[in-house]
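**Student:** Before anything else, here's the structure in question.
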Amino acid sequence: VTDSALPLSLASLGWSAALDEALAAYSQSPDYDPSLVAARVTVQQRERWLTAGPAGELNADLRGRFRRNAKLIDLPGVGDFVLLAARPEESRATIHTVLPRRSVLVRKVAGRTTEGQVIAANIDFVFVTVPLDNEINPRRIERQLSSVWESGATPVVLATKADRVVEIDHSELSAAAAGADVVILSALTGQGLDDLKQWLTPAATLALLGPSGAGKSTLTNALLGEQRMLTQEVRAIDGKGRHTTTHRELVMLPSGAMLIDTPGLREMAMWEADEGLTAVFDDVVEVAETCHFSNCSHGSEPGCAIHLAIADGTLTQVRFDAWQNLQRELAFLARQQDARLAADEKKKWAQRSKEARHRTRP
Ligand SMILES: Nc1nc2c(ncn2[C@@H]2O[C@H](COP(=O)(O)OP(=O)(O)OP(=O)(O)O)[C@@H](O)[C@H]2O)c(=O)[nH]1
Ligand SMILES: [Mg+2]
Ligand SMILES: [Zn+2]
């Protein structure tokens, strides 16, 4: 976590009453093991985890039985509370289980699979960074806000690198933020850093999300008061970042809040974000609910409130299109997932009938 392998209390790491209850329930279960202790995951690098807690900083791996039965999404991610068998004398541990999450930020794994992967767990607020030295991309912001709302955490939009622009388009920013708080800051000049204090309270967990080069690690360093995270210039040719941060890491800030720095996402594919989508596009959803037909496709049906709203200027065509595109993307993901579930089910049954054949054979 920090400069220290020092023991940290679970309370200072954001432990909750709900976790006490989860532990109490677990202590009644048949596979209860009283020698296991709780800790919080601070770093994940492939199959290697770093945890903090009363037993100090530990290098953890996964218990084989847990590894074999877990889906990708069930594996410990940064911010997760876990139960582990600690061997403090050698700074090692074996993770037995992940405790229930109060929020989880998930992304679709790159490529063709439809599996979800944990970006950060048990986060209270997510800072969605928007670099002001690039053109603001409202679609990208909407997409990230949807995922954050869906995670159970609350998003805050951080417009970074304010020193790089002369004039800031506040209305464009707040429109894209869709009700989320917006903070304009510069890690270089320190502008706006004080405004973050209201979220940086002891035992609170925050995560940084946003494109590569947005200044997430620079901000982390500024809040830490030291150069812990590696940072790198964006490419001069196109202003794009260089994907400097390669793993997710939770650090303890001087205020007692915890901050998770993440690598800039190449693609933040949406993941089961139906509810999040409604939160970000509530203006569109509200209009759509007044269409004459409840299953209106907003094409050429009579009594379409969306058409009316676009015609009288209360809704813009771009915003409606953005909502529809994201909906299509979600529907596509849902179909892919259904197909995968069906395939899994088929495999399971094939396996079972094979086993049954073996058993009945003399
Ligand atoms: N002018 C200015 N430059 C900044 C500011 N914040 C960060 N930068 C610069 O932007 C570049 C990228 O910053 P990083 O902190 O590495 O960006 P990142 O979001 O962590 O990027 P990844 O780790 O690749 O996801 C570095 O050269 C920083 O010095 C700022 O407030 N103002
Ligand atoms: Mg970084
Ligand atoms: Zn309609």
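The numbers here are math on the coordinates, done by the rules we state, and not lab data. Please read all numbers here as calculations on a predicted model, not as lab measurements. Here the Cβ positions follow ideal geometry from the backbone for every residue, glycine too, while neighbour counts run over all protein chains shown.
**Student:** In nanometres, what is the gap between the two model label sites at SER35 and HIS96, each 7 Å from Cα along Cα-to-Cβ?
**Tutor:** Those two pseudo-labels are separated by 0.9 nm.
**Student:** Next question, about the same structure. Grab the other residues whose beta carbon is less than 12 angstrom from that of GLU289, score K and R as +1, D and E as -1, and report the net.
**Tutor:** Computed value for this residue: -3.
**Student:** Please list, ordered by chain and number, the residues whose modelled amide H lies under 5 Å from the amide H of VAL126; skip anything fewer than 5 residues away on the same chain.
**Tutor:** Amide H to amide H, under 5 Å and 5 or more residues apart or across chains, VAL126 pairs with THR154, VAL156, ALA207.
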